[in-house]
Each structure stands twice: as C-alpha cells, then as structure tokens.
C-alpha cells in the first residue's frame, strides 16, 4: 500500500493567490469524492488531467505533476521550491520538458494538494498543463535578449497566458491546444508546428511605410501525422493579435471533432473543412469579438506597462548565430573557453550577454535547482527554460562569465551543449509514460555516451531528438536526426526498435519534417548516429546545414544505402541477446502499454 504523506504543518498557511487556492480546494473536493467512489473514474481522470496531474505507467497512486512555466520565465524562489518538491515528494529530480514545463514523477495522489499548495506559494500552477485545454504558452527563451528579434514577445506571451488561463473557452476543448511565440523568423520558439504559432515580423505597406507586428500561423502539429502551420494572413497588427488567437480558439472549440479524438486536433479541422473555410471562420470571429462585452480590446495591459521593444543589435559586436543549423565552431582548448564558444550569445545593443546551462536529458537535481537559484540572485540575472530542456541566464555582463562558468561547472551544468550534437532531447519514454513503446531516455543516454567516446559530441549544427512512440513528445520529426520508438519482430521475438528520420528542420518560417531513413534495432541507434555525424562533420562545407548536406549526399535513402543499411538487421537471440533487451532494462523486451491519458 502506498504511503499517504500528510501536509507539512505550515503548508495550509502558505500565502497563495486566491484563484490558485480555489483550484486546490476544488481538487481536494474531487479527490475526496474519487476516494469515496461517488464520482465516475473517467470524470475524475478528466478533471485530474485538466489540473496537470497525469497517471504513470507504474499505476496505483503514482502520478506525474506538470507545473507550467509560461514562456520559460522562472524566478529563484520557484527554482528553490522545485528543489523541495523533487526532494520531498518526487524521485529526486525534476524534468524540463520540450514545452518549457517542469515535471515531477512518482508523486502520490493523496499528496497532490500539498504539492499544488507549495507551487502556489511561489505563484506557479499546474492548472491546464495537461488535458483538453490551452497548454503552457511557449516563447523564445531569448525574447528580450536576442539581437535578431523584431519585437520582444515576452509580454505578448504573458498577456496570452493570463487571458486564456481559466478562460471558459478552454476548459473542455475537443483536444489540447498549443500556442507558441517567436520574436523573429529564426523561430527559436518553434512556432511552426503549433495550433497557433506567432512570429514577430516587420511589414512594408503599399505606401512604403513599415509597421512591426506579427505573422500568425495556425493548425501546425506533430504526432503520427505531422502538419506544418499555415499563415492566416500576411500581417497581423499588434492590436489584432490577441483577438486573432482567441478567434482561432473559438473556431476550434466550436468545430473541432468531439467524436474521434484521433482526428480532433486543429490540423484535422483544416483537413475536414478546408483551409479557406478555417481562415474565413477565424477572421469572422475576430471581427465580431469587438462586439463582446467581455473582450478587453486594444494592446494588452502587460505590453503597455512593460513594453515590447526589441533588444536591438550591437554596432560593434557580431551577433552570435542562432537557430537550427547554427554553424558553431569551437576553436579554443580550455573547457571554459569552449563553453564560451558554444553557450554564450552576444550582440545585443545594450551589450549584455546570455549563457546556457546544460541540463543532461532535461533533468535537474535539488542541489542544482538551489544553486541555479543562488546564481540567479547573485548575478541579478533573468532565467528561462528552453525547449531543448536547458536553462539560459540572461542580462549578464561579459565580466560575469568566468564566475558563472565556475559555478555551473561545480554542479555539472557547464558542458558546451547549446546547438551541439551532445544536446540530445528525449521524451520520458517507457520510464514513466503509459503510451511509450521504448526507453527513449536510455537511447538518448547511450547516444550521448557514444558521441563522447568517438570525439564527436561537439560537432555543431546537428539536433538529435527521440520519442518513445509516434506521438512526438520528443519532437523527432523536426530534428536533423530523429528516432521514433516502435516494436520490431525478429526471429519470432519482440524487440525494441526505432524508425530513424533524417533532415527535419524548423526555422525561417518553415517546418521540414524528417524523411524516413531506416528502421534500426534500439541497440544499433548509437552506431547509426555516429556514422551519420562523422560523415556530416567530414563532408560539410562552411556554414552548410545538415539538410543541405543530406540532400546533396543522396537524401535519406542515399545515406542509408551507403552508410546504414547493415544496421537494420537483428542478430538471432542466441548471437545477440542484448538486442532483445531495451536500453535501461535488464529483462527481455515486451510492449506494456497502459490506458491512454493524452491521446
């Protein structure tokens, strides 16, 4: 029987925002009804998910708690609370997700209100972090600190978050709804595969005048059937941005498929109605929003108060290249100088710099959380979580970098990682997820180790992403090298395998999904990566992207034929028994899927 953890003596006395407190009180009521058996199990499950509480593969009372970090912006007291949650209520670490949330696993169901209360005391909520809701609002981690941006999207993301959190429109959607912001076409925020993707642009009008605003993309998505997002119009003014987002949400809420969850996302609405009809409905809804008595209208208060002026570009410092395919060149030998080459972003008008802290597989321990908070306070820096499961310190001076490096090195977070091949992204996989087929984290760790051994871990401009199933939580479709977990049958036995994809890309207001390359045994994944990365590093020309190199090398099919074909075969169980045991496992592979809670 699971141990029931009582709230700490002062947990109920923590100062909490009234709306968060009301969410917690409602959860306690519903939890009591669930335990008493007076509400249907499905009703409680839907309610639990809408409050960011997700069931685990391990079953029983084990839960995953996902706390929202809008556009990745995080404060030192929040990092310290995450340390406490990981230490007292979880398994000893937190996990940064590809959508700038933080997840904690193995939290006991009876202890959830206590955990929610602690998060609420530092202004954080798990409300609508899962389920058929408007999920965490994402944004470029360098917003307000990027030399390329047209606008600082920070307050636009904040305004969207505040407007849609607990909004009646978003409580029982046909399926989840994802919104993302980028400040320029580099699209570090990855707006191009979301239900609503917002990219700041500068538009030239017919009379020659220019205006800064946005280009809004709709109906993007990954999963089993990836769709690139489509622009609703050429240019959306700052005044029209929030009504455009709400209009898209209203159309989805009204017309989304509520009979078939597999075809319920915004991308399927375009398939069902046609793009022109979706456009027409969204623009019509936007026009009529002005007639709503509840619509605030105009530029959001957050933007008016804090502004959205771009960081601007230095006249004396060449800006650090950014985005997928960045041709990082590490030329210096000492560890600290290699970190400066790979992890520091320079070139803003005010001369401040940003620096990445690398979190291996997105995992952060209590000691690391606490030291990150201390660094943030001591350096008077901003911190944001990234969609590649790292953290970035912003608003630094050049003089602070050596000390920052030393402190990150002391907690194991100073590896040169940003935009380097060692920065492997993975979903939680079969470690905790009911839907995952394979141990994606184990493969990610094995790939990283093998790249280090081969001296290839610091090759720049290659992204590796891994998902344990077709749902693409690891965003494998848009990686230069992607893996999707799948069951294989070989010599009459089940075995762990992956579909390998090559050439995925997101940037410059485009989304290119990876081409299928080869179905490989899980144990052959690291060797497949090493062969591709080694060849790319040896053949690319200066500044060449992975996709460009791949296309001139015969495409995915050509690379398979010349470099990978022999890796697709399984040895017999007698000759290669380890091929029938997944990474991070010790027993023979067997698919053990649980009841779906997210799909």
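Might you check whether a residue that is free of Cβ contacts under 8 Å to residues at least 24 places away in the same chain and touching a helix residue (DSSP H, G or I) at 6+ places or on another chain (Cβ under 9 Å) occurs anywhere in segment 244-256? Within segment 244-256 (the criterion being free of Cβ contacts under 8 Å to residues at least 24 places away in the same chain and touching a helix residue (DSSP H, G or I) at 6+ places or on another chain (Cβ under 9 Å)), the answer is yes, since at least one residue qualifies.
Tell me, yes or no, whether segment 104-114 has at least one residue that is in a helix (DSSP H, G or I) and assigned by TED's automatic domain parsing to the domain that holds residue 261. If you could, list the steps in order and put the result at the bottom.
Step one: of segment 104-114, the residues in a helix (DSSP H, G or I) are 109-114.
Checking the rest, the ones that are also assigned by TED's automatic domain parsing to the domain that holds residue 261 come to none.
Within segment 104-114, not a single residue is in a helix (DSSP H, G or I) and assigned by TED's automatic domain parsing to the domain that holds residue 261.
Screening the candidates 283, 242, 289 for the property of being within 24 Å of the chain's Cα centre (by Cα) and surrounded by 13 or more Cβ atoms within 10 Å (Cβ to Cβ) yields one hit, 242. Considering the conditions (1) touching a strand residue (DSSP E or B) at 6+ places or on another chain (Cβ under 9 Å); (2) in contact (Cβ under 8 Å) with a residue 60 or more places away in the chain; (3) surrounded by fewer than 19 Cβ atoms within 10 Å (Cβ to Cβ), residue 377 is excluded by exactly one of them, (1). Taking the criterion of being outside any loop (DSSP other than H, G, I, E, B) and over 26 Å from the mean Cα position of the chain (by Cα), the residues of segment 376-406 that qualify are 378, 379, 398, 399, 400, 401, 402, 403, 406.
The number of residues in segment 524-555 being within 30 Å of residue 494 (Cβ to Cβ) and over 26 Å from the mean Cα position of the chain (by Cα) comes to 3.
Of 129, 157, all but one fail to be at pLDDT 95 or above, crowded, with 24+ Cβ neighbours inside 10 Å, assigned to a loop (DSSP other than H, G, I, E, B) and at negative phi; the exception is 129.
When the test is whether a residue is under 26 Å from residue 409 (Cα atoms) and loosely packed, with under 14 Cβ neighbours inside 10 Å, residue 319 does not pass it.
Does residue 495 count as more than 29 Å from residue 321 (Cβ to Cβ) and surrounded by fewer than 20 Cβ atoms within 10 Å (Cβ to Cβ)?
On the way: more than 29 Å from residue 321 (Cβ to Cβ): yes; surrounded by fewer than 20 Cβ atoms within 10 Å (Cβ to Cβ): no.
No; evaluated as a whole, the condition is false for this residue.
Filtering segment 67-89 to residues that are touching a strand residue (DSSP E or B) at 6+ places or on another chain (Cβ under 6 Å) and either in a helix (DSSP H, G or I) or surrounded by fewer than 22 Cβ atoms within 10 Å (Cβ to Cβ) (or both) leaves 71, 72, 73, 82, 85, 86, 89.
Does residue 439 fit the bill of being outside the structural domain of residue 53 (by TED's automatic domain parsing), in contact with a helix residue (DSSP H, G or I) (Cβ under 6 Å, 6 or more places away or on another chain) and without any contact (Cβ under 8 Å) to a residue 60 or more places away in the chain?
Values: outside the structural domain of residue 53 (by TED's automatic domain parsing): yes; in contact with a helix residue (DSSP H, G or I) (Cβ under 6 Å, 6 or more places away or on another chain): yes; without any contact (Cβ under 8 Å) to a residue 60 or more places away in the chain: no.
So residue 439 fails the test.
Quick one: which of 259, 195, 271 is over 28 Å from residue 313 (Cβ atoms), in contact with a strand residue (DSSP E or B) (Cβ under 9 Å, 6 or more places away or on another chain) and surrounded by fewer than 19 Cβ atoms within 10 Å (Cβ to Cβ)? Please lay out each step first, then the result.
Details: 259 fails: in contact with a strand residue (DSSP E or B) (Cβ under 9 Å, 6 or more places away or on another chain); 195 fails: surrounded by fewer than 19 Cβ atoms within 10 Å (Cβ to Cβ).
Checking each option against the conditions leaves just 271.
You will find that of 524, 528, 486, the residue that is at pLDDT 95 or above, assigned to a strand (DSSP E or B) and surrounded by 17 or more Cβ atoms within 10 Å (Cβ to Cβ) is 486 and no other.
Considering the conditions (1) assigned to a helix (DSSP H, G or I); (2) more than 17 Å from the chain's Cα centre (by Cα); (3) more than 15 Å from residue 366 (Cβ to Cβ); (4) in contact (Cβ under 8 Å) with a residue 12 or more places away in the chain, residue 42 is excluded by exactly one of them, (4).
Among the residues of segment 449-506, those that are on the phi > 0 side of the Ramachandran plot and without any contact (Cβ under 8 Å) to a residue 40 or more places away in the chain comprise 455, 492. Just give me the residues in segment 442-468 being crowded, with 24+ Cβ neighbours inside 10 Å, under 23 Å from residue 342 (Cβ atoms) and at pLDDT 95 or above, in sequence order. 444, 447, 451, 462, 463, 464, 465, 466 - these are the residues of segment 442-468 that are crowded, with 24+ Cβ neighbours inside 10 Å, under 23 Å from residue 342 (Cβ atoms) and at pLDDT 95 or above.
The values are calculated or read from the model by the stated rules, or taken from the named source; none is laboratory data. None of these values were measured; they are calculated from a predicted model. Counting neighbours? That spans all protein chains shown, and the Cβs are built from the backbone with ideal geometry, glycine included.
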